[in-house]
Structures are given as structure tokens and as C-alpha cells.
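The values are calculated or read from the model by the stated rules, or taken from the named source; none is laboratory data. Just so it is clear, the structure is predicted and the values come from calculations on it, not from any experiment. Don't worry about glycine lacking a Cβ; one is built from the backbone with ideal geometry, like all the others, and counts go over all protein chains shown.
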Amino acid sequence: MVNVVDAISLYFKYIGISIRAQMQYRASFILLASGQFLTTAIEFLGIWALFDRFKSLAGWRLEEVALFYGLVHIAFAISESVGRGFDIFPNLIKSGEFDRLLLRPRSTVLQVAALELQLMRIGRFTQGLIILIWAASVLNIEWTLARIALTIFAIIGGACLFTGLFVLEATLAFWTIETLEIVNTVTYGGTETAQYPLSIYRPWFRKFFTYVVPLACISYFPALAILGHPDPIAGSPSWFRWVAPLVGILFLIISLQVWKFGVRYYRSTGS
Amino acid sequence: MRPYAAILSMRFRALLQYRAAAVAGFGTQLFWGLIRMMIFLAFYENSSAKTPMNVEQVVAYVWLGQAFLLLIPFRSDQELEQLIRTGNVAYELLRPVDLFNFWYSRAIATRFAPTMLRSIPLLIIATLAGWIHWGGLPSIAAGIAALAAATLLSAAISTIMTITIFWTISGKGINSLLTTLSYFFSGLIVPLPLFPDFLQPLLNFLPFRGLGDVPFRLLIGQMPAGELPMLLAHQLGWTIALVLFGRWLLRRAMAKLIIQGG
Amino acid sequence: MPQIVVEKLVKTFHVAERTPGLWGAFAGLVKRRHRIVTALNGVSFSLEAGELLGYIGPNGAGKSTTVKILSGILVPDSGNVEVLGLNPWKSRIKVVRKIGVVFGQRTQLWWDLPVIESFDLLREIYRIPQDQYMSNKNELVELLNLSVLLDTPVRQLSLGQRMRCDLAAALLHSPEIVYLDEPTIGLDAVSKLAVRDFIKKLNRERRVTIILTTHDMDDIEALCNRVLVINEGNILTDGTLANLRKMVTTERRLTVVLVNEDGDITDPDAEVISREGRYVTLRFDPESIPPAELIARIVANHEISDLFVENPPIEEVIAKIYGSAAR
């Protein structure tokens with residue numbers, strides 16, 4: 001237990017340094033954050049344009065899609081910020097800096113995660129939050145405590161899932177020095193996928209995003225429960241929707257095990 | 001001409017080295033194409049709205065967008081950006097070549113090589129799967145001409161992006177805006193004809209449609225090949241304007257460099 | 001009871017190969033060729049606590065590979081290592097807690113932070129008790145003259161200043177063993193002496209076991225009683241510096257300073273090997289002619305203003321060792 005508290009305290013010490021460093025370049029931060037806000041906002045503009053022309057998407061209205069959108073983007077923004085260390089991890093391998101991490105009596109996960117808390121991701125976060133709040137106010141949802149808790153739970157589960165994907169992406173760096181876009185596919189592509197209700201996709205696609213990269217568990221299922229909407233594709237028991245975000249947390253735990261395996265591989269083959 | 005051709009070739013070879021990235025890029029685009037295709041199919045299937053493009057055309061448009069994604073100017077040239085930020089760009093001035101042309105040639109190669117690598121397998125698959133219904137031979141010829149012009153246009157934009165780095169912070173801001181605008185107004189996010197009607201005049205005026213929308217619609221015959229001269233004029237007109245602007249911007253940047261001593 | 005035991009370490013690497021040219025680039029997309037490199041070919045040695053070992057060898061000989069295995073970063077193909085009774089790669093965290101490593105070419109300090117903040121962070125990472133940290137820090141700051149540097153960001157330090165800070169950083173947690181990988185590389189003469197002096201104190205006074213990897217032979221001569229020579233994954237010699245010399249040659253050098261610049265030195269038992277103005281260097285074998293006798297003869301027959309006797313430069317000795325192994 002002492003170890004966990006100690007690790008957390010070390011994490012916050014590192015993060016404090018990262019934040020101070022970013023605040024030194026205030027103009028740059030504001031620029032990047034605004035840039036990300038605009039970029040993500042403009043994508044929602046695209047969605048709005050499509051609804052303007054088509055009026056509905058497989059039975060779903062814009063306000064409902066906005067709920068899915070908001071949940072996913074807030075979760076993703078959090079993991080973009082928190083998982084930044086893993087995102088830039090390939091550089092540590094290239095520069096040999098990872099060896100130095102191995103020379104310290106601390107877990108490599110802690111050291112990599114603590115590298116940076118990227119503040120500019122607040123751009124996507126804010127944009128997602130605005131959309132979520134708009135959707136919440138415009139839809140006729142009964143905001144019980146349970147529903148609010150589920151919303152937060154879904155966001156946390158989503159952040160864990162996306163962070164897990166960043167960890168997996170970083171683990172790939174142990175095997176190849178070339179930057180692989182494959183995980184970007186799943187993170188950014190996954191965001192694009194999950195911002196729409198999963199029911200609009202083909203069955204095999206839905207299955208991939210339910211069982212392999214369980215985005216459905218942190219967006220689709222919880223959103224159904226929040227909206228009180230029946231599942232158009234059936235097959236999910238309604239109680240599941242309330243605990244689905246747990247899968248996102250499990251995904252992160254599994255990713256960390258894969259990371260450990262990657263570290264073992266790195267130590268047996270060298271740089 | 002020789003030094004520019006040499007740069008093209010060298011850059012081309014350098015870009016071919018990244019094997020895993022090439023494969024992963026293909027997988028990525030395939031995935032994205034599938035997602036977007038499904039989204040549009042879902043919109044069309046459940047709606048009776050009148051649309052300027054039918055669903056087959058939109059699907060083809062989406063796949064062409066994925067295939068030629070790398071044509072869109074994404075960011076400034078990273079190596080050159082590094083040179084500028086460290087001030088080592090002064091060494092570029094020592095070469096007996098026109099700096100803008102040098103950088104412009106480089107930008108053309110940077111747009112062309114990866115796009116070629118990635119587009120061919122994607123186009124093959126999309127065609128075989130029946131996702132792209134090509135227009136007739138005239139349409140394809142017109143489309144290829146438009147793609148060539150798109151490359152020149154895109155290289156002009158990305159060269160300007162590189163030059164803005166001389167004004168570091170604001171340069172980065174402008175670039176991020178330019179990238180977003182390029183993606184959005186080229187039709188990569190939503191096919192331009194699907195935007196509300198009141199936006200169409202604006203979309204038709206801006207240069208960005210020349211990066212994607214124009215070649216795509218020619219290739220699938222949604223715009224008749226006969227319209228090529230007008231469209232080409234639009235693309236090349238903007239290209240020339242941007243090149244002139246870029247050259248002017250570079251002169252100002254150089255003046256700033258010399259005054260500040262680098 | 002040796003503090004460090006290395007037994008029959010074997011380590012091989014797979015290195016990817018690239019074919020040149022445009023065709024090669026395309027071919028490389030399809031298939032990669034690999035080469036197997038043997039970095040360590042059955043290396044064995046052991047160290048008692050408090051030893052200062054010089055570890056030398058040409059580039060690529062296997063020195064960094066050995067250090068990486070000793071610190072638990074790398075796992076060997078076969079062989080056994082015990083550091084303080086523990087296996088470094090199986091008990092990584094336990095072992096790294098007790099060792100310090102300094103790389104000459106890479107700092108472990110945080111680039112944008114003032115030195116003192118790096119130290120502070122290390123205190124938390126190594127969980128150093130406050131009073132131990134304070135006493136170590138104060139002592140190291142004094143020994144290495146760091147007090148004016150503490151508030152400077154690391155990126156603004158000169159190489160010499162940075163190396164001193166890196167040395168301090170590696171010792172804050174009172175490690176029993178320290179690996180120094182090229183600590184004097186690129187340093188100016190004053191800094192080199194300071195670093196050497198510090199290392200000597202560290203070893204002689206504080207009994208810290210040190211493995212020093214270096215190309216600088218002056219480091220070796222100044223600091224090491226024992227030297228390990230490695231080449232192409234094999235240990236060539238393991239012993240004292242004096243023995244090392246004897247292995248190669250018993251030859252000694254006599255440098256004479258002439259009074260007249262156009263004078264000449266001749267002697268039946270000594271051979272002139274170099275001449276620079278008034279300085280003439282001869283070589284002789286002390287086993288065929290005692291140095292005293294040679295000196296007496298030369299002084300008698302020539303006009304000399306100064307002379308001194310030396311060993312052949314250690315670089316030559318080492319080069320001969322590498323060379324003889326290659327044959």
C-alpha cells in the first residue's frame with residue numbers, strides 16, 4: 001500500500017514539473033489548445049452538415065449522436081493528455097533514454113506515464129464537453145444520480161481504454177524502430193467510429209469494436225442506458241450497459257501486461 | 001533542372017525506406033475507408049432526402065479520399081522546420097539554387113512519393129471490391145490531369161507552411177489552421193456537394209477543392225470530363241497565386257533573417 | 001567473497017542489413033537480411049569490494065554490453081552474473097537501487113531543470129532518507145565544487161560541469177558499486193583532473209567499487225591497479241598494469257635533451273626512435289643493459305642538458321595486445 005501511495009506521489013511530482021515546463025511556453029500552449037479545439041469543432045461541423053441534409057442517421061437524431069460524440073471525445077482527450085508519455089515513447093528507445101529508466105529502481109510504466117501531462121489536449125476536451133452539455137440539455141433525459149455516475153464511469157472507462165491503446169502502441173516500439181500507424185488507426189479511427197452509435201455499422205465491424213477493441217463498452221452501451229434508448233440491434237442485457245465501462249479498465253490492465261512482456265523482450269535483445 | 005531532379009529522387013528513395021510504416025499506412029487507410037463508407041451508407045440507407053450525389057458516388061469519393069489522403073498538405077517539412085528553427089537555414093542560402101524552387105521541388109516529391117505508394121494498393125482493392133465506379137476513359141484522363149495539378153497545388157501550400165515557420169509561434173498557428181482548412185474544404189471530411197447549398201459558392205471559390213474534390217469528381221464522372229479546362233484553370237490559377245505569394249513570403253523571411261543575423 | 005561475479009557471459013545480436021540504391025530500397029520493402037554479431041564470447045571475471053577496475057577495448061569490443069548486463073538492462077544469451085549476491089536481470093529493481101551508472105555521453109539529469117531539482121527528483125526516485133540525502137548532497141557538492149551550479153539548468157552547463165553534476169547525481173543514493181562509462185570523454189584538462197581526483201577519492205577513501213570503461217590511457221594509469229582488456233567479445237588480459245606491460249614488452253624509453261641542436265646520439269645498446277629538435281628518444285631493453293649503465297655511457301659520450309626514463313606509452317602496449325589477438 002505504501003508503494004502505491006509512494007508511486008502516486010512520485011507521479012505527481014513529475015507531472016508538476018511537466019506542467020510548469022508547458023506553462024513557460026504559454027503562447028504556444030494557447031495556440032495548440034485553440035488549434036485542437038478548432039480542428040475537432042470543425043469535424044463536428046461536418047457531422048452537423050450531414051444531419052442538415054439527411055435529417056437522421058439510421059433513426060438517430062443529431063442530439064443523440066452528440067451524446068455519443070461528447071463521451072468519446074472527452075475520454076479520448078483525457079487519455080491523449082495522460083498517455084502522452086507512451087505516445088512519444090519510441091523516441092526514448094531511439095535515443096537510448098529508456099536504458100536510463102531501467103537503471104532506476106522504479107517501474108518503467110510509472111516513469112513513462114509520468115513523462116508528460118499534455119495540457120493542450122484541453123482543446124479537444126473542451127469541445128467534447130460543450131457538445132456533451134448541449135446534448136444533455138437538449139435531450140429529454142432524466143438525470144438521476146445513477147445516470148450521472150454512469151456518464152462519469154463511461155468517461156473514465158473510455159480514458160482507460162484509449163490509454164491502454166497508447167500503451168500497446170508504445171510496446172510496439174520494442175520490436176520496430178519505425179513509427180507504426182496501426183495504433184493510430186485504432187485510436188483516432190476508433191474515436192471516429194465510436195462517436196456514432198455502433199448500431200449503424202455492419203455486424204463484423206460492431207463485433208470488432210465490442211470484443212477486440214471494446215469501444216462499444218465505453219460509449220455505445222453506457223449511452224444507451226443514459227438515453228433510456230432500447231438497443232436497436234438487441235443482444236445486450238440492459239444491466240450490462242451500467243457496468244460496461246469496466247471493460248475499458250480491464251483493457252488497460254491487460255495492455256500493461258503486454259508492456260511488461262515488451263520490456264522483457266527489449267532486455268533480451270538490446271537496442 | 002538537374003539539382004531539382006536529384007532532390008526529387010533522393011527524397012523519393014528516403015521515403016521508400018519505411019517499410020513497416022508503408023504497410024501500416026495501407027491498413028490504416030483501409031480501416032478509415034471502411035468506417036467512413038459505413039457511416040455514409042447508414043446516412044443514405046435510412047433517408048429519403050434529395051442529394052446531389054448518389055450513394056455509389058459518395059462511397060467512391062470516400063475511397064478516393066483515402067487513397068489520395070497524403071496529397072493533402074499536412075504540415076511543414078519537418079527537416080526544413082528544424083533548419084529554420086536552429087538558424088542553420090542560412091547554409092541553404094549557400095547553395096547555388098533558387099531556394100523557393102529547391103523547397104518547392106522537395107515538397108512536390110514529398111507529396112508525390114508516399115501518395116503513389118499508398119494509393120495504388122488502395123485503389124486496386126477498392127476497385128475490385130466494387131466500391132469505386134470509375135468514369136469512362138476521358139473522365140480518368142481528366143482526373144489524372146487534375147491529380148497532377150493537385151500535387152502542384154498541395155506542394156505550394158505545404159511550402160508556404162514551411163516558410164511560415166520563420167515566424168515560429170504564429171507560423172505554427174497558421175499551419176495548423178491551414179491543415180484543418182485543407183482537409184475540410186477539400187472534401188476529405190464530408191464530400192463538398194453534400195454541404196448545405198448556401199455554402200457551395202464559397203466551396204467552389206476556395207483553392208482547397210482542387211486538392212481532392214475536383215480530381216475525385218472527375219475520376220468518377222460526377223463532373224463531366226469536359227469541365228476539365230475550367231477546373232484545371234482554377235487549380236493552376238490558385239497554384240500560381242500561392243507560388244507567387246510563397247516567393248514573396250520567403251523574401252520577407254530572408255530579409256528578416258539577414259537583419260536578425262540568423 | 002567477491003562483490004561482482006561474471007561467469008562465461010555470451011551475448012549475440014541480430015543486426016539488420018540494408019542494400020544501397022533505389023532498387024535496394026524497393027527490395028528492402030520485401031525482405032530484410034540479418035547479420036549475427038557476437039558481442040560477448042564467454043567473458044568471465046570477478047571483483048572484490050573496493051576494487052577499481054579499468055575496462056578497456058576497441059569500440060565494439062563488448063564493453064558497453066558487459067556494463068548493460070551487469071546493471072540488469074540486458075539479458076545475456078547464457079552465463080551467470082552475481083552483483084552483491086543478486087542476479088541483475090532477474091532482480092533489476094533491487095540491484096539498481098545499489099548501483100550508480102554514469103555515461104560520459106548521455107546525462108541522466110533533466111535537461112531543462114536546475115541541477116538541484118534533478119537531485120531532488122532523484123531523491124524521490126531512490127527514496128533516499130532525508131538526512132542521508134542532505135549529508136550526501138552537501139558532501140558531493142563540496143567535493144565536486146557544484147555550489148555555484150546548483151541553480152543552473154542542465155542544458156546551460158559546460159561538458160565538464162555537467163559531468164561533475166552527473167557524478168554527484170549517481171552517488172546521491174550511496175551506491176556500493178559504480179559503473180563509469182567514458183567519464184572523461186571530451187573534457188578539458190582541468191575537468192579531467194578534477195574527475196580523476198574525485199574517482200580516486202571515491203575508491204580509496206569511500207571504498208566504492210568502480211568499473212571504469214575508458215579509451216583514455218591517462219585515466220587508466222592514474223587510477224587503475226587492475227585492467228581488463230577485451231576485444232571482439234573475448235577477454236585478452238586481466239591483471240595489473242605492470243603485468244600488462246610486461247606481457248607485451250620489457251622495453252623502456254630514454255629521452256635525452258641535447259645541448260646542441262645538431263648533435264647526435266649513438267649507442268650500441270639503444271635505438272633512436274624519434275627526434276624533435278633537441279629531444280631524442282631512444283629505446284632499450286633493461287634486461288640486456290641496465291638503465292644506469294646506459295645513462296652513464298650516454299652522458300659520458302654526449303653533451304646532455306636533461307634526460308628521463310619512461311615506459312612505452314600505454315596506448316602502444318594496448319594496441320600491440322589488440323594486434324596480437326587479431327593474428
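A few comments on the model shown:
- Number of positions in region A:115-134 that are closer than 29 Å to residue A:3 by Cβ and more than 17 Å from the chain's Cα centre (by Cα): 1
- Residue that is nearest to the chain's Cα centre (by Cα) [pool: residues in region B:20-37 that are facing chain A (nearest Cβ under 7 Å) and at pLDDT below 85]: B:25
- Residue in region A:62-85 that is of a type in the set (A, V, I, L, M, F, W, C), in a helix (DSSP H, G or I), over 30 Å from residue B:173 (Cβ atoms) and at the interface with chain B (Cβ under 10 Å from one of its Cβ atoms) present: no
- Single residue of C:84, C:109 found to be surrounded by 15 or more Cβ atoms within 10 Å (Cβ to Cβ), touching a residue at least 40 places away in the same chain (Cβ under 8 Å) and over 21 Å from residue C:167 (Cα atoms): C:84
- Flag if residue B:245 is within 14 Å of chain A (Cβ to nearest Cβ) and in contact with a helix residue (DSSP H, G or I) (Cβ under 9 Å, 6 or more places away or on another chain): no
- If the condition is being touching a Gly at 6+ places or on another chain (Cβ under 7 Å) and assigned to a helix (DSSP H, G or I), then region C:164-188 contributes C:170, C:171.
- Candidates in region A:22-31 are the residues that are loosely packed, with under 15 Cβ neighbours inside 10 Å and at pLDDT 90 or above; of these, the one that is farthest from the chain's Cα centre (by Cα) is A:23.
- Hey, residue A:41 modelled with pLDDT of 95 or more and either in a helix (DSSP H, G or I) or at the interface with chain B (Cβ under 10 Å from one of its Cβ atoms) (or both) or not: no
- Test: residue in region A:212-230 that is under 19 Å from residue A:75 (Cα atoms) and at the interface with chain B (Cβ under 10 Å from one of its Cβ atoms): no
- Qualifying positions in region C:83-98 - among the hydrophobic types (A, V, I, L, M, F, W, C) and either at the interface with chain A (Cβ under 8 Å from one of its Cβ atoms) or touching a helix residue (DSSP H, G or I) at 6+ places or on another chain (Cβ under 6 Å) (or both): C:83, C:86, C:89, C:93, C:96
- In region C:124-163, the qualifying residues are those that are among the aliphatic types (A, V, I, L, M) and outside any helix (DSSP H, G or I), and the one that is surrounded by the fewest Cβ atoms within 10 Å (Cβ to Cβ) is C:148.
- Inter-residue pairs, beta-carbon under 9 Å, first more than 10 Å from chain B (Cβ to nearest Cβ) and in region A:187-205, second surrounded by fewer than 16 Cβ atoms within 10 Å (Cβ to Cβ), 6+ apart: A:198/A:233; A:203/A:233
- Test for residue B:111: is it closer than 20 Å to residue B:182 by Cα, surrounded by 20 or more Cβ atoms within 10 Å (Cβ to Cβ) and without any contact (Cβ under 8 Å) to a residue 60 or more places away in the chain: yes
- The residues of region C:81-107 that are within 19 Å of residue C:198 (Cβ to Cβ) and of a type in the set (Ser, Thr, Tyr) amount to a single one, C:107.
Per-residue answers, yes or no, for (1) surrounded by 14 or more Cβ atoms within 10 Å (Cβ to Cβ); (2) touching a strand residue (DSSP E or B) at 6+ places or on another chain (Cβ under 7 Å); (3) at pLDDT below 90; (4) within 21 Å of residue C:140 (Cβ to Cβ):
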{"residue": "C:199", "(1), (2), (3), (4)": "yes, yes, no, yes"}
{"residue": "C:205", "(1), (2), (3), (4)": "no, no, no, yes"}
{"residue": "C:208", "(1), (2), (3), (4)": "yes, yes, no, yes"}
{"residue": "C:212", "(1), (2), (3), (4)": "yes, yes, no, yes"}
{"residue": "C:217", "(1), (2), (3), (4)": "yes, no, yes, no"}
{"residue": "C:223", "(1), (2), (3), (4)": "yes, yes, no, yes"}
{"residue": "C:228", "(1), (2), (3), (4)": "yes, yes, no, no"}
{"residue": "C:244", "(1), (2), (3), (4)": "yes, yes, yes, no"}
{"residue": "C:252", "(1), (2), (3), (4)": "yes, yes, yes, no"}
